Amino acid sequence: MIRERLRERWQVWAQLMRLDKPVGIYLLLWPTLWALWFAAGGLPPLLLLAIFVAGTVLMRSAGCVINDLADRKFDGHVERTRQRPLASGRARPAEALILFVVLGLISLAVAAPLNAAALWLTVPAIVLAASYPFAKRFHSLPQAHLGIAFSWGIPMASAAVSGAVDWPMSTLLMAANLCWVIAYDTLYAMVDRDDDLRIGVKSSAILFGRFDRLIVGLLQTAALLLLAFAGWRVALGWPYYAGLLLAAIFAAHQLWQVRHRERAACFSAFVGNNRIGALVFLGLAVSLPPF
């Protein structure tokens, strides 16, 4: 009986953490890996790699929990989210809050071996993760808030490798990632635009209106150009730029996918950004071999 009960609750907790939908983990992980490889000039120390991979999974999970807790009264009115555990009543708010705290504490424990410079940066990381869900209530570009949150692993990675943040490179990578996040999260927001308008939730898809595809394309272009400049600064070889070129082709295909702004197509385009992040990392890893 106890085992069955725990199995049932674990399934609910896993859904709260969105472990059944790992694309968010990948989208958070790729820029962190970019930063680790740039900072280390190749394969980083394996302990650091393990810490950042585990931390990415934990922080994304914590962010999903607090997001669902904040949005539990909205999610039931949105087609895509009405079956989430809190919206459907399968989880209690207190349960979700406890889970968020536990995930945060585990994240801090995982980060404990990092140097002082990187550890100090975990504080704003937690604040950003906890505050993002409320941004959509106060301004029309919550995707920018998410972009900063999803970029915070970049200076942390730089500090973890070298003991201090390389701010010129970190700022460049953060700017590229910010543009990319706003672009792909706008595609995500386009899925819910009609529901968000009805319930009064703000998003970049609503803010950009009929210029949404144009602005997404400009943001994708800016992200790739900034990444190209980052590669030029450290004299990366042609495989890196080949990865960026393939990423640009995928980005252009996404704009074609969403030409009619259909929900399914917008969601598919959003998910496809995992391939863009992977292609950039693959080109980077080949250009910076481990030995």
note = Counting only helices (runs of 4 or more DSSP H) wholly inside segment 62-169, the ones holding at least 3 residues that are within 22 Å of A39 (Cβ to Cβ) and either at pLDDT 85 or above or in contact with a helix residue (DSSP H, G or I) (Cβ under 6 Å, 6 or more places away or on another chain) (or both) are 93-111, 116-120, 122-135, 142-151, 153-162
ask   = In segment 263-274, which residue that is surrounded by fewer than 18 Cβ atoms within 10 Å (Cβ to Cβ), part of a helix (DSSP H, G or I) and free of Cβ contacts under 8 Å to residues at least 40 places away in the same chain is farthest from the chain's Cα centre (by Cα)?
value = A264
message = On the basis of being closer than 25 Å to R72 by Cβ and of a type in the set (S, T, N, Q), does S140 make the cut?
response = yes
ask   = From the list R18, R3, which one is of a type outside the set (A, V, I, L, M, F, W, C) and part of a helix (DSSP H, G or I)?
value = R3
key: Which listed residue, of A14, A70, A54, A62, is among the small types (G, A, S) and free of Cβ contacts under 8 Å to residues at least 24 places away in the same chain   = A14
ask   = Among (1) within 18 Å of T56 (Cβ to Cβ); (2) surrounded by 17 or more Cβ atoms within 10 Å (Cβ to Cβ), which single condition is V165 missing?
value = (1)
task = Say whether the condition of being among the hydrophobic types (A, V, I, L, M, F, W, C), over 20 Å from the mean Cα position of the chain (by Cα) and not in a helix (DSSP H, G or I) is met by at least one residue in segment 245-262.
result = yes
inquiry  = Here is a check on your reading of the model: is T32 assigned to a helix (DSSP H, G or I), out of contact with any Cys (no Cβ under 9 Å at 6 or more places or on another chain) and among the β-branched types (V, I, T)?
reply    = yes
Segment 188-212, subset under 15 Å from H77 (Cα atoms) and either touching a Cys at 6+ places or on another chain (Cβ under 7 Å) or among the β-branched types (V, I, T) (or both), residue surrounded by the fewest Cβ atoms within 10 Å (Cβ to Cβ) = I199
key: Unmet requirement for A50, which otherwise passes all of (1) over 25 Å from E8 (Cα atoms); (2) surrounded by 15 or more Cβ atoms within 10 Å (Cβ to Cβ)   = (2)
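The values are calculated or read from the model by the stated rules, or taken from the named source; none is laboratory data. As the structure is a computational prediction, the values presented were derived from the model and not from experiment. So basically every Cβ, Gly included, is an ideal-geometry build from the backbone, and we count neighbours across all protein chains shown.
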